[in-house]
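Beneath this line is the structure, given in C-alpha cells, with notes to follow.
The values are calculated or read from the model by the stated rules, or taken from the named source; none is laboratory data. None of these values were measured; they are calculated from a predicted model. When we count neighbours, we look across all protein chains shown, and the Cβ atoms used for this are built from the backbone with ideal geometry, even at glycine.
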Amino acid sequence: MGYSRRSFLRRAAVATGVTAGAIVVFPSPHPDQPTDRPVEAHTGTLPEIELEEESPYALWQYSRERDGYNPTSPINVVFTLAGTDRTLDDVMHVFTDVGWVERPAEYVRFAYNAHTGSYERQHASAAQTFHGGFGRHHIRAWDFEGYVSVQAHEDTAATPEHEIVSYESTKHLIEWLFHERGWSVEPDGASFDNANPPDHEGLVTVIVP
Amino acid sequence: MSDRSYIPGWSWLSHPLIGRHERRSLIAVGYCLVVSIATLLAVLFYLGAVDLIPGWIVRIVDGFTAVLIIAVVLSMTVIPTIYALTNGGPVMAATIGLVPMLSASILTLEYTLTNDIVVALVGAAIGTVVALGVDWRHHARDTEAFAPGRAQQDGLLFASGLTVITLVAVWRFDREAPAEMVATIDPLQWLVILPLTGCVGLWILVVSAFLDTERTAT
C-alpha cells in the first residue's frame, strides 16, 4: 500500500508539473479590436470604378463553376504599392503580427487581372484561425502589378458552410491595423460598382504605405 | 475484455487509457491520422503545391475543404464524447478533440489562443471525463470495488490536468480576447463546468474511499 501510494504521489507530481508547464507556455489571444473607425470616412466626390476590365484593381472575387467564374464577394480594401518599396509580403506581415494564420483552410477563389486579362487564384490569404469552426475574420489578396485588391469578410461558424456575417467589420479592423502602423488609411476612399449584401455598399477603403 | 491483441505488438490499443475495444481504438487512431493528413493537404493546396487550373480540380479541392471543416467542428465538439461513451479511453478521447487544432498549429506555426482552440479544449475535456467515468464503471464492476486501479488513477490525473488547462484557457480567453471573438462561442466555453464537476466529484470519492480504508486498517 505504501509503495503504491508513493507511486501515485510521484505520478501526481509529474501531472502537476506538466499541467503547470502547459499553462505557462499557452499562447495569448488576439489583441483587442476597436469596433469604431480610426479615421473619419471620406466625404465628397469619390473616384469611381465601374468596369473591372478597365480597373487596376479587381472588383470581385469569383468561384470556379462548371460554366465559368461566378462572383461571390466584393473587393472592399485596396492598397496602392506601385511606386513604393513595399510589397504584398509587407501587407501580409501586418496580419501575421497580430496572430493571423497565413495558410488557413479556405475555398479557392479567383480575381480578374485586367493587366493580363486572366483570372488568378488568391495570391495570399490570412485568417484569425486555421479552420474557422466558430467564426473568424478572413481575407484573400491579389497583387496585380503593385495594385493590391483585398476581399475582407467576417465568417459565421461553419454550420456546415461559412456564411458572411459582415464585410464592414473586417474592413474597419484592417483600417485600425494599418493606421496603428503608420500607413495612410483612407476609409471609404473609393467607390466600386460592387455593392453586395449583407453590408457592402461599394465603398472601398484605400491604403497607401 | 480479452488480453489478446488482434495485431501483434498493438496491445496498447486496449489499454484502459486508450479504449476498451481494440478495433474501436484502431478506428480512432485511423481517424486522427486522416484528420492530420487532410490538414497537411489543406496547407499544401494553399501553398500551390497542387495545380488548380482545371475547374474540376478546384471543385474537388473546395469539396475536400468543406468536408475537412465539418469533420473538424465535430471533432472539437461531440466526437470525443461519442467515442468515450462507446469505448472509454480518456487519452484517446482527448486526442480526437485536440488533433485538428494541434496539427493545424504545428503545420502553420499558429500560436494564438483562438475560439476554435477553446472549444476544442472544452470538447476534449468533456470527452475525457466521460471516458474516465465509463472506464471506471467497468473497473468497479470487474473488481466489485470503487477503489481505482492504476489506469483509473492515471486517467484521473490526466483528466484533471486537461480540465485545469482548459479552465485557465477559458478564463484567459474570456478576459483577454477581443469581445467580438468571445461572443462567437459564448456561452459554450463555460461548459468547462461539466468536466470540472466530474473531476472534483471523482477526487472527493477517491479521497473518502482512501480515508475509509485507512480507518478500517487502523
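Points worth noting:
- Residues of the stretch B:99-128 satisfying the condition of being more than 10 Å from chain A (Cβ to nearest Cβ) and closer than 13 Å to B:T39 by Cα: B:V99, B:L102, B:I106
- Whenever a residue of the stretch B:170-181 is free of Cβ contacts under 8 Å to residues at least 40 places away in the same chain, its partners that are assigned to a helix (DSSP H, G or I) and hydrophobic (A, V, I, L, M, F, W, C), lying with C-beta atoms within less than 7 angstrom and at least six residues away or across chains, give the pairs B:D174/B:V182.
- Among the residues listed as A:A15, A:A82, A:A105, the single one being over 30 Å from B:I57 (Cβ atoms), surrounded by 12 or more Cβ atoms within 10 Å (Cβ to Cβ) and within 8 Å of another protein chain (Cβ to nearest Cβ): A:A15
- Filtered residue count, the stretch B:76-86, keeping only those that are more than 9 Å from chain A (Cβ to nearest Cβ), within 20 Å of A:F130 (Cα to Cα) and either free of Cβ contacts under 8 Å to residues at least 40 places away in the same chain or crowded, with 24+ Cβ neighbours inside 10 Å (or both): 0
- Exactly one residue out of B:T128, B:T197 is in a helix (DSSP H, G or I) and within 17 Å of the chain's Cα centre (by Cα), and it is B:T128.
- Taken over the stretch A:18-50, the residue count meeting the criterion of being without any contact (Cβ under 8 Å) to a residue 40 or more places away in the chain, more than 7 Å from chain B (Cβ to nearest Cβ) and either over 25 Å from A:A127 (Cβ atoms) or polar (S, T, N, Q) (or both) is 6.
- Residues (under 19 Å from the mean Cα position of the chain (by Cα) and either within 9 Å of chain A (Cβ to nearest Cβ) or of a type in the set (V, I, T) (or both)) located in the stretch B:162-194: B:L162, B:T163, B:V164, B:I165, B:T166, B:V168, B:A169, B:V170, B:I185, B:L188, B:V192, B:I193
- Condition check for A:R103: of a type in the set (K, R) and modelled with pLDDT under 95: yes
- Checklist (1) within 13 Å of chain B (Cβ to nearest Cβ); (2) at negative phi applied to A:G135, failing item: (2)
- Single residue of the stretch A:1-56 satisfying the filter (among the small types (G, A, S) and modelled with pLDDT under 80) that is nearest to B:R172 (Cα to Cα): A:A41
- When residues of the stretch A:91-117 are limited to those that are out of contact with any Leu (no Cβ under 8 Å at 6 or more places or on another chain) and charged (D, E, K, R), the one nearest to A:W60 (Cα to Cα): A:R109
- Qualifying strands (runs of 3 or more DSSP E) (wholly inside the stretch A:140-209; at least 3 residues being touching a strand residue (DSSP E or B) at 6+ places or on another chain (Cβ under 7 Å) and within 21 Å of A:A127 (Cα to Cα)): A:147-157, A:164-166, A:203-208
- Wholly enclosed helices (runs of 4 or more DSSP H) of the stretch B:23-109 bearing at least 3 residues closer than 21 Å to B:G161 by Cβ, touching an Asp or Glu at 6+ places or on another chain (Cβ under 8 Å) and of a type in the set (K, R): none
- Beta carbons closer than 7 Å, at least 6 apart along the sequence or on distinct chains, pair a first residue in the stretch A:123-143 that is over 13 Å from A:I75 (Cβ atoms) and free of Cβ contacts under 8 Å to residues at least 60 places away in the same chain with a second that is in a strand (DSSP E or B) and of a type in the set (S, T, Y) for A:G135/A:T156.
- Residues in the stretch A:86-102 that are surrounded by fewer than 23 Cβ atoms within 10 Å (Cβ to Cβ) and without any contact (Cβ under 8 Å) to a residue 60 or more places away in the chain were compared, and the one that is nearest to the other protein chains (Cβ to nearest Cβ) is A:E102.
- Annotation: A:R64 fulfils all but one of (1) facing another protein chain (nearest Cβ under 9 Å); (2) in a loop (DSSP other than H, G, I, E, B); (3) more than 30 Å from B:A159 (Cβ to Cβ); the unmet one is (2).
- Candidate set from the stretch A:153-185 (those that are hydrophobic (A, V, I, L, M, F, W, C) and in contact with a Ser or Thr (Cβ under 8 Å, 6 or more places away or on another chain)); member that is farthest from B:V72 (Cα to Cα): A:V185
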